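The values are calculated or read from the model by the stated rules, or taken from the named source; none is laboratory data. Computed from a predicted structure; not experimentally measured. Cβ: placed from backbone, ideal geometry, glycine included. Neighbour counts: every protein chain shown. For accessibility, only protein heavy atoms count, side chains too; no ligands or nucleic acids. Shrake-Rupley method; radii C 1.70, N 1.55, O 1.52, S 1.80 Å.
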Amino acid sequence: GNLPKFGVEVEDEDAMSLMVSQINTWNFDLFKFAVISKDHPLVSMAYVILQSERNLLRSYNVDPPTFIKYMFVIEANYHKTNPYHNATHGADVMQSCHVLLGYSVVEQVFTDLEVFAALFASAIHDVDHPGLSNQFLSNTSNELAILYNDHAVLENHHLATAFKFLQEDELNWASGMDDKQRQLFRKMVIDLVLATDMSKHLSLLADIKTTVESSKVAHNGKLVLESYNERMLVLQGIVHSCDISSATKALPIYKAWTERIIEEFYQQGDRERDLGLNLSPMCDRQNPSIEKSQVGFIDFIVLPLWETLGELMFPYCQEMLSQLNENRMYYFSRIPESPRCSIT
Ligand SMILES: COc1ccc(-c2ccn(C[C@@H](O)CN3CCOCC3)n2)cc1OC1CCCC1
Ligand SMILES: [Zn+2]
């Protein structure tokens, strides 16, 4: 039978059409989209971007109904109970990636398969996230930490989960791709999701800087990427930047994501307290440090990454950088006075 217009049945087609008309904007309201899509933000986002906007499913002989069935399973395996690492976050990273990959400075650089891989990686990159960190899973000898030997535990698990479902005949939307394409697609998705591991952030950032520098010098300012590694580096940078892009969004959206991640961190802290473990940083709801932590995360992680992306994508991404500075000032100006030490 023919699929619904947005991949999922919606109450209000007009409201959905209006939202979808904003799909290429940086301040797309994913929370509103989750409501209008009747809590299927990831299924509808994936269908709208890959089918309606980019016509990538047809390019690779992907059967749309099979792809939709697969995306329903992926969405169902994101934990609705996670305040932050849920399907709305997956849809957010995918939509953010769609915007960056639409900028002309990169649009001509990447092949359809690379774009498809980056968008798919974004969609599945946190599937079955338990709302706990790699460190927690290792500290508690969780079976996932044992399985992946404490190395990129969650990143490996998200990938294995997504690809395991692809093995099921009625979910295998990739059967129409030729073997070479399917092998390369799988390799790229693995490389992209593994690069969202925060422990790889500094080396990824350094390598992107080097690549952007050498490419712009060698091709007088034009972004030209020759090797697979150089192309992957830039795509990894784009997906990783979208994964930690909250602070570059409009303030109300950023504040909503901050509330969610903090509550998720606090829930981990509650478990650590119950287990008699040391509480992880920023996970102690009895000693909140929301503003300071956001400013620190922006200064040491988000800003350096987005400044580099801004150089790579120049003249694009300038709106993200100015929003990031505005958002930094919002939290910086609200850092509570530290209790004055009584030296008397
Ligand atoms: C809006 O605020 C945040 C938004 C995002 C993040 C954040 C941290 C790590 N990440 C990325 C991982 O989730 C990478 N994942 C892991 C599991 O495997 C897949 C890839 N994202 C932290 C945020 O704030 C923290 C609390 C105060 C300062 C820091
Ligand atoms: Zn994520």
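Annotations for the structure displayed:
- Qualifying residue in segment 11-31 (condition: closer than 25 Å to His240 by Cβ and in contact with a Pro (Cβ under 8 Å, 6 or more places away or on another chain)): yes
- Test result for Ser215, in a helix (DSSP H, G or I) and either without any contact (Cβ under 8 Å) to a residue 40 or more places away in the chain or more than 25 Å from His89 (Cα to Cα) (or both): yes
- Across segment 249-265, the qualifying residues are those that are open to solvent by 30 Å² or more (accessible area, probe 1.4 Å) and either at pLDDT below 95 or under 17 Å from Phe332 (Cα atoms) (or both), and the one among them that is nearest to ligand 2 (Cβ to nearest atom) is Glu259.
- Any hit, segment 93-101, residues being at negative phi and modelled with pLDDT under 95: no
- Filtered by the rule that a residue be hydroxyl-bearing (Ser, Thr, Tyr), open to solvent by 40 Å² or more (accessible area, probe 1.4 Å) and either in a helix (DSSP H, G or I) or closer than 13 Å to Lys200 by Cβ (or both), segment 221-241 gives a lone residue, Tyr228.
- Residue satisfying all of: in segment 78-109; of a type in the set (D, E, K, R) and away from ligand 1 (no atom under 12 Å from the Cβ); nearest to Ala162 (Cα to Cα) among these: Lys80
- Restricting segment 38-92 to residues that are within 20 Å of the chain's Cα centre (by Cα), closer than 30 Å to Ala247 by Cα and among the hydroxyl-bearing types (Ser, Thr, Tyr), the residue that is surrounded by the most Cβ atoms within 10 Å (Cβ to Cβ): Ser44
- Given (1) out of contact with any helix residue (DSSP H, G or I) (no Cβ under 7 Å at 6 or more places or on another chain); (2) within 11 Å of ligand 2 (Cβ to nearest atom), number of the condition His85 does not satisfy: (1)
- Checking Leu154 against (1) open to solvent by 20 Å² or more (accessible area, probe 1.4 Å); (2) within 11 Å of ligand 1 (Cβ to nearest atom), the condition it does not meet: (1)
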